[in-house]
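Visitor: Input: one structure, supplied below.
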Amino acid sequence: MKPWGHVARLACLACGLCACTVAPAARVLPPDGGIREEAALVPTRSEEETRRASVISHALARSIASMPGIESAQVHVALPVAPAFARTVTGKPRASVLVHAAQPRTRIDLVAIQTLVAGAVPDLDGSAVSIVVVAPPAVRRGAGPPWVRVGPWEVTPSSATSLRGTVAGLLLAQVVLALALAALVARQRSRREGAPTDGDA
C-alpha cells in the first residue's frame, strides 16, 4: 500500500485548479465476468458509474436467462458520465442484450425483455435497448445421409444391409417351417392310409 499516492490524490481533488490527472484504480476481471476495482480512498465518478453499470448488467442477465425459451443472456449497459468539473450529465443511457435461445424455433418475448431492461436502468428509453437473438441451427433431415426404404421401413444406407439380411433370414425360416409342417402332415396321412382296418382283419 502506498499512502503517499492517496495523499497526492486528495490534494489534487481538493485544489481542483491544477491540470494534473490521477490514474484510476486498476480493474480486475473476476471469474463471474464482473468488474471489480481495487479499493480506492476516493473513487471517481467514472469508476462509480462503471461499477453501477456492471452490477445492473449482471442482474439483468440473470433475470433474462430465467425467462422461458432462453438458455443464456448477456447485457451491456452504458451509462452517461459527466465530464471533469461538470455538474450536469450529457447523453442518455443505452443498453444492448444478447440472447441465446434454447431451441431453433423458440419464440422469445422481445417486448418483455425491452420493458425489463428499460425499467431497471434510470432514464433509459425502450427505444435505446437493442436486442440480438442467437438461435442454434436447425437440424434438417436432408442434411444427413439419404434414407433407403426396405419394405415398410425407412433406414439409413448403413442399416439397410443388416435389415435386408434379417428380413431374408426370417422369410427363409418361415419357408423351412412351412415345408416341415407340410412333410409332417403328409407322413401322418400316409400312416393313416396304410394302417389296417377292422374289416380287413
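Readers should treat all values here as calculations from the given coordinates under stated rules, not as data from a laboratory. For clarity, every value in this text was computed on a predicted model and none was experimentally measured. Don't worry about glycine lacking a Cβ; one is built from the backbone with ideal geometry, like all the others, and counts go over all protein chains shown.
Visitor: Mind listing the long-range amide H neighbours of residue 71? Cut-off is under 5 Å, sequence gap 5 or more, other chains count too, H placed in the peptide plane at 1.01 Å from N.
Guide: Amide H neighbours of residue 71, under 5 Å, 5+ apart: 100, 101, 102.
Visitor: Right, another one. How far is it, in nm, from the label point at residue 161 to the one at residue 106 when both lie 7 Å from their Cα along the line to the Cβ?
Guide: Here the answer is 4.1 nm between the modelled labels.
Visitor: I would also like to ask the following. Give me a comma-separated list of calculated 3J(HN,Hα) values for the stretch 42-48, in order, Karplus coefficients 6.51, -1.76, 1.60 applied at θ = phi - 60°, integers in Hz, x for any Gly or Pro.
Guide: My calculation for the stretch 42-48 gives 10, x, 6, 5, 5, 5, 5 Hz in order.
Visitor: Between residue 135 and residue 51, what length comes free when the chain is fully extended (0.36 nm per residue of separation minus the Cα-Cα distance, one decimal in nm)?
Guide: On the way: separation 84, 0.36 × 84 = 30.24 nm, distance 3.05 nm.
Extending this stretch completely gives an extra 27.2 nm.
Visitor: So if each residue of separation counts as 0.36 nm, and I subtract the Cα-Cα distance between residue 62 and residue 92, what length gain in nm does that give?
Guide: Numbers: separation 30, 0.36 × 30 = 10.80 nm, distance 2.40 nm.
Separation in residues times 0.36 nm, less the Cα-Cα distance, equals 8.4 nm.
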